[in-house]
Amino acid sequence: MRAGKKRGKIIFSFSDSMDFAKKVAKLKHLPFYLIEVKKFPDGELLIRLPHNVNAKGKEAIIARTLKEPNEKLIEIFFAACALKEMGAKVTLVAPYLCYMRQDKSFHKGEIVSSKYMAKLISNCVDKLITIDPHLHRYKSLNDIFKIKTKRLTAIKDIAYYIKHRIKKPLIIGPDAESYQWAKTVAKIVKCDVLMLRKKRYTSRHVRIELHKNLNLSKVSPIIIDDIISTGHTMIEVIKDLKKIKAKKVYCIGVHALLVENALKKLNNVGGIVITCNAIPNKTNKIDLSKLVAENI
Ligand code: R5P
């Protein structure tokens, strides 16, 4: 294939990310194929690409989000290597990019997993597209990826949702890391924004410091974070806001990992959870398939 010539695109996915990938394929009028995964009795994987697909000279887009990533990474590695061997260029669209919070050795001996996740992906695909990756200690994805990368953001979609659905918003970033999202959303919505201070003790134990003299009588507080995992960060904020008489507290997350019954726990303390469909979830109200379709 001559350099510079545009490749035809084909979209692949696995059953766990199929709905999102199909939406993108439909928006772009591209063929969609499902990659099958089976397990041998000993636990080894059998990956099957559709037998009627001709990937030679094409851009093969594998769309798969990376919640619970361990097996998914190895499956993507196998599929991407096979597609490359067939003569395709491979793009991975991972709406949620795993392991990015492990960007430092927090305790002696801990491995900085994000670096090696990036190494694995860089070794099997040509390009990575992701949405709001957790860039905290890294400035850009290319601090760890050796391939072309594209970083999309759900900020405009979140702001649009708030503008049209929530009256008198007050945006709250629960910690310094989330402030980059909170601040930009507030700027688009044209409302006030607060950044709180968080101290994390363990994965399930955080403490939040609320501003003194906060008056919530005329506003709808909306906590915004890139990731909602165990929900404890938001739970602590909601509890504090409720103490000072907040009525409805909205919780908006780009990546709703929602592990260990997080949704129930958030609802129990009065949180109204609204998430983007970067990860399949029943709380998803903000659709990012158009954002991805426009960028592949
Ligand atoms: C961390 O730095 C992220 O931005 C989130 O604040 C964090 O992952 C939320 O985790 P959890 O829901 O378990 O408190």
Residue count for segment 190-203, restricted to those that are open to solvent by 30 Å² or more (accessible area, probe 1.4 Å) and within 14 Å of the ligand (Cβ to nearest atom): 8
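Give the residues of segment 250-262 that are touching a residue at least 12 places away in the same chain (Cβ under 8 Å) and farther than 11 Å from M234 by Cα, sorted by residue number.
Taking segment 250-262 first, the residues touching a residue at least 12 places away in the same chain (Cβ under 8 Å) are 250-260, 262.
Within segment 250-262, V254, H255, A256, L257, L258, V259, E260 meet the criteria.
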From L34, L49, L27, residue being open to solvent by less than 50 Å² (accessible area, probe 1.4 Å) and out of contact with any Asp or Glu (no Cβ under 7 Å at 6 or more places or on another chain): L49
Residue check for S15: open to solvent by 70 Å² or more (accessible area, probe 1.4 Å) and polar (S, T, N, Q): yes
Residues being more than 16 Å from the ligand (Cβ to nearest atom) and either of a type outside the set (S, T, Y) or part of a strand (DSSP E or B) (or both) - total across segment 211-230: 10
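Report whether or not A186 is within 28 Å of V93 (Cβ to Cβ) and modelled with pLDDT of 95 or more.
Numbers: within 28 Å of V93 (Cβ to Cβ): no; modelled with pLDDT of 95 or more: yes.
Spelling it out, it is not the case that A186 is within 28 Å of V93 (Cβ to Cβ) and modelled with pLDDT of 95 or more.
Per-residue answers, yes or no, for (1) exposed (fewer than 14 other Cβ atoms within 10 Å of the Cβ); (2) closer than 15 Å to D226 by Cβ; (3) in contact (Cβ under 8 Å) with a residue 12 or more places away in the chain:
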position	(1), (2), (3)
E177	no, yes, yes
W181	no, yes, yes
I188	no, no, yes
H205	yes, no, yes
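Among the residues in segment 117-125, are any farther than 30 Å from K56 by Cβ, among the charged types (D, E, K, R) and open to solvent by 80 Å² or more (accessible area, probe 1.4 Å)? Spell out the reasoning first.
Step one: of segment 117-125, the residues farther than 30 Å from K56 by Cβ are none.
Among the residues of segment 117-125, not one is farther than 30 Å from K56 by Cβ, among the charged types (D, E, K, R) and open to solvent by 80 Å² or more (accessible area, probe 1.4 Å), which makes the answer no.
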Inter-residue pairs, beta-carbon under 6 Å, first closer than 13 Å to I129 by Cα and in segment 280-292, second outside any loop (DSSP other than H, G, I, E, B) and open to solvent by 70 Å² or more (accessible area, probe 1.4 Å), 6+ apart: S289/K23
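Here is a yes/no grid of residues against (1) outside any loop (DSSP other than H, G, I, E, B); (2) modelled with pLDDT of 95 or more:
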residue: Q102; (1), (2): no, yes
residue: C124; (1), (2): no, yes
residue: I129; (1), (2): yes, yes
residue: D157; (1), (2): yes, yes
residue: I171; (1), (2): yes, yes
residue: K198; (1), (2): yes, no
residue: R207; (1), (2): yes, no
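Going through segment 153-175 one residue at a time, which ones are crowded, with 16+ Cβ neighbours inside 10 Å and either hydroxyl-bearing (S, T, Y) or in contact with a Ser or Thr (Cβ under 6 Å, 6 or more places away or on another chain) (or both)?
Filtering segment 153-175 for residues crowded, with 16+ Cβ neighbours inside 10 Å gives 153-155, 157-159, 161-162, 166, 169-175.
Once the filter is applied, which keeps residues that are crowded, with 16+ Cβ neighbours inside 10 Å and either hydroxyl-bearing (S, T, Y) or in contact with a Ser or Thr (Cβ under 6 Å, 6 or more places away or on another chain) (or both), segment 153-175 yields T153, I155, Y161, I166, P169, P174.
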Qualifying residue in segment 212-232 (condition: closer than 21 Å to H134 by Cα, open to solvent by 30 Å² or more (accessible area, probe 1.4 Å) and not hydroxyl-bearing (S, T, Y)): yes
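Residues in segment 246-259: is at least one near the ligand (Cβ under 10 Å from one of its atoms), open to solvent by 40 Å² or more (accessible area, probe 1.4 Å) and modelled with pLDDT of 95 or more? Spell out how you get there, then give the answer.
Kept after step one, since they are near the ligand (Cβ under 10 Å from one of its atoms), are these residues of segment 246-259: 251, 253-259.
Those left that are additionally open to solvent by 40 Å² or more (accessible area, probe 1.4 Å): 259.
Okay, now just the ones that are also modelled with pLDDT of 95 or more, so 259.
Among the residues of segment 246-259, at least one is near the ligand (Cβ under 10 Å from one of its atoms), open to solvent by 40 Å² or more (accessible area, probe 1.4 Å) and modelled with pLDDT of 95 or more, which makes the answer yes.
The values are calculated or read from the model by the stated rules, or taken from the named source; none is laboratory data. Just so we're clear, the structure is a prediction, and the values are computed from it rather than from any experiment. Heads up, the Cβs are rebuilt from the backbone with ideal geometry, glycines too, and the neighbour counts pull from every protein chain shown. Accessible surface areas use protein heavy atoms only, side chains included; no ligands, DNA or RNA. Shrake-Rupley method; radii C 1.70, N 1.55, O 1.52, S 1.80 Å.
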